[in-house]
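Before any comments, here is the structure.
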Amino acid sequence: MQIKKLNIGINDKLKRISRNLAGSLMKYGIIIILFFTAACSKDDITIETIRDDTSVASDKEVSEQESSDMEESPKEASDDASESEITTGSNDSVYVYICGAVVNEGVYKLPSDSRVVDAVNKAGGMNEDACQGFVNLAEKLSDGEKIYIPTAEELESEDIRVGINSFESISSSEKSSSEDSVSEDGRVNINRATKQELMTLSGIGESKAEDIISYREASGGFNSIQELTNVNGIGTATFDKLKDKIKVD
């Protein structure tokens with residue numbers, strides 16, 4: 001009987017010890033789990049922080065590179081523009097020498113699409129005694145051209161042929177022809193006038209002057225001033241402006 005009671009007492013103690021041990025194990029197990037959980041969380045935070053720092057550093061490098069490229073680009077663009085200006089500058093301008101009855105004779109730089117009138121204006125305009133109608137002011141300039149503006153007195157007394165690129169003495173036969181093509185009243189004989197003389201007429205440029213001469217040679221001359229309207233490009237409106245300034249034989 002006593003042995004049975006002893007066994008029961010031992011069993012009770014063992015049960016209490018087991019319960020206490022199980023409780024302790026559970027307690028410490030929870031602590032260990034919490035510890036590892038906290039440690040893992042810390043590692044995650046550390047890893048994420050490293051990742052963030054790396055990303056920020058990478059973004060900063062990209063930003064600095066872009067900024068550097070932007071700083072260099074304007075300079076490169078400026079250099080390219082300068083090279084372009086140097087390369088194309090000569091093609092966009094011409095140099096002409098204008099002399100004679102102008103305010104300021106000299107060599108002038110002008111845009112490549114300029115006309116004789118632009119060169120005259122660049123030289124300060126014509127003098128009061130200049131023969132303004134002799135040179136075709138609408139003619140386009142070319143590089144290296146020489147433009148001579150005569151005076152009315154030169155044309156009358158010194159027999160000088162003047163215009164663009166050249167001026168020289170007129171022979172007796174040429175003088176006679178010139179006198180025949182332009183009458184005392186200033187009218188131009190369309191059967192005898194040269195291309196330059198035809199170009200002094202209002203509305204007649206180089207192309208139309210050549211057409212007039214071509215028609216004149218092909219048809220044997222103009223029989224009347226009205227026949228001028230048969231020339232390509234010369235209509236009634238143009239003829240009305242010219243009829244008092246032209247004549248035939």
### Query
What is the range 180-249's relative contact order, in percent, from Cα pairs under 8 angstrom and six or more apart in sequence?
36 percent
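Take peptides 204-214, 103-113 and line them up by average Cβ neighbours within 10 Å, highest first, as a rough protection proxy.
Numbers: 204-214: 17.3, 103-113: 12.9.
Taking the mean over residues of other Cβ atoms within 10 Å, the ranking is 204-214, 103-113.
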## Note on the structure
Under 5 Å from the placed amide H of Ile147, counting only residues 5+ away or on other chains, we find Tyr97, Ile98, Cys99, Asn165
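Taking 0.36 nm per intervening residue step and subtracting the Cα-Cα distance, what contour gain separates Glu217 from Asp129 on full extension? Mind dumping the intermediate values first?
Numbers: separation 88, 0.36 × 88 = 31.68 nm, distance 3.59 nm.
Taking Glu217 through Asp129 to full extension adds about 28.1 nm, to one decimal.
So if we plug the beta-carbon distance of Tyr97 and Lys195 into 1/(1 + (r/R0)^6) with R0 = 22 Å, what FRET efficiency do we get, rounded to 0.05? Walk me through the intermediate numbers first.
Working: r = 23 Å, r/R0 = 1.03.
Efficiency, rounded to the nearest 0.05: 0.45.
With a sphere of radius 9 Å drawn around the Cβ of Arg115, what net charge do the other residues whose Cβ falls strictly inside it have (Lys, Arg +1; Asp, Glu -1)? Let's see the in-between values first.
Working: positive: Lys140; negative: Asp113, Asp118, Glu139.
Neighbour charge sum, excluding Arg115 itself: -2.
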### Message
Checking the table Lys208/Lys243; Lys109/Lys195; Lys122/Lys146; Lys195/Lys243; Lys140/Lys208 against a 20 Å threshold on Cα-Cα, which pairs fail?
### Response
Lys109/Lys195
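Each value in this text was obtained by applying a stated rule to the coordinates, not by laboratory testing. Note that the structure is a prediction, hence the values are computed from the model and not measured. All Cβ positions, glycine included, derive from the backbone under ideal geometry; neighbour counts span all protein chains shown.
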